[in-house]
Amino acid sequence: MLAALAVGAAGVGIWSGAFHPWKTPPGAEPPAGGETAGPAAPPAPGVRSLDIHLVGRHRGERQWQLRAERIELPEPAREVQFRDVKDGVFYREGETLVTFEGDGGRFDEKSGRLVLKGRFRLAYGTDVMESAELTWEPDRELLWTHASTVIHHGSMTIRSPRMEIDVNTRVIHLSGGVTVDDPGRLRARAERVEYEPGTGAMRFIGPVEVEGDTMADPTEAGGSS
């Protein structure tokens, strides 16, 4: 039978087939025969479990979900910590928009923020992204990072020091000196790029350097401003 726990008004649901509090930390169990070797270690705070399904909701709407191999609810901290993420999904109006998997993270009950810590691999349509240290802002429906990000679109590779995925507009905002490399066709560098995943359409913003025949006129891809 599955156990369930709801955490906070910000809305995260947790389901587990092995949900339980740890009243005795591993290694603190009494030896066989009922004899004790000394004072027992204090109970570990919070709840820990394995193979967890988390669902994040904001104002009644499902925004994301993920599975984690391990989860911890330390007390008195108001956050959920997890690791080994798989089957992650960000939604837009009930539609799957971005899927992801990676190292781990935490959910802050007070702010409603979901923070994905460590390395992550994301898929947005046919595009594949590699990034780290991602933060989900529930009010703005924005996923952002100031860690280096690589986007693969067919033979084209985009590299950016910073990234924001705006779920509402379905546009990826890249900044900090963005490079675009499509071997044999295009090489470009711009301070900022607005990128539409799936179509590969780009708008270069700021000073732009472009090499390649297919985009001799940068205005065909949005130009620079």
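The values are calculated or read from the model by the stated rules, or taken from the named source; none is laboratory data. Values in this document were obtained by computation on a predicted structure and should not be read as measured data. We place every Cβ from the backbone using ideal geometry, glycine too, and count neighbours over all the protein chains shown. Note: accessible area is taken over every heavy atom of the protein model, side chains too, but ligands, DNA and RNA are not part of it. Shrake-Rupley method; radii C 1.70, N 1.55, O 1.52, S 1.80 Å.
Please verify whether segment 74-92 includes one or more residues that are open to solvent by less than 90 Å² (accessible area, probe 1.4 Å), of a type outside the set (F, W, Y), at pLDDT below 85 and part of a strand (DSSP E or B). Yes. Just one of (1) modelled with pLDDT under 90; (2) buried (at least 18 other Cβ atoms within 10 Å of the Cβ) fails for S111. It is (2). The number of residues in segment 117-149 that are more than 22 Å from G198 (Cβ to Cβ), in a strand (DSSP E or B), open to solvent by less than 70 Å² (accessible area, probe 1.4 Å) and not polar (S, T, N, Q) comes to 3.
List every residue pair whose Cβ atoms sit under 7 Å apart, with the two residues 6 or more apart in sequence or on different chains, where the first one lies in segment 103-117 and is at positive phi and the second, anywhere, is not in a strand (DSSP E or B) and not basic (K, R). Partner pairs satisfying both residue conditions: G112/A10; G112/P138.
What are the residues in segment 189-212 that are touching a helix residue (DSSP H, G or I) at 6+ places or on another chain (Cβ under 8 Å) and hydrophobic (A, V, I, L, M, F, W, C), if any? Once the filter is applied, which keeps residues that are touching a helix residue (DSSP H, G or I) at 6+ places or on another chain (Cβ under 8 Å) and hydrophobic (A, V, I, L, M, F, W, C), segment 189-212 yields A201, M202, F204, V208, V210.
Looking only at segment 158-171, which residues are outside any loop (DSSP other than H, G, I, E, B), open to solvent by 30 Å² or more (accessible area, probe 1.4 Å) and of a type in the set (V, I, T)?
To start, the set of residues in segment 158-171 that are outside any loop (DSSP other than H, G, I, E, B) comprises 158-160, 162-166, 171.
Now narrow it down to the ones that are open to solvent by 30 Å² or more (accessible area, probe 1.4 Å): 159, 162, 164, 166.
Result: no residue meets the conditions.
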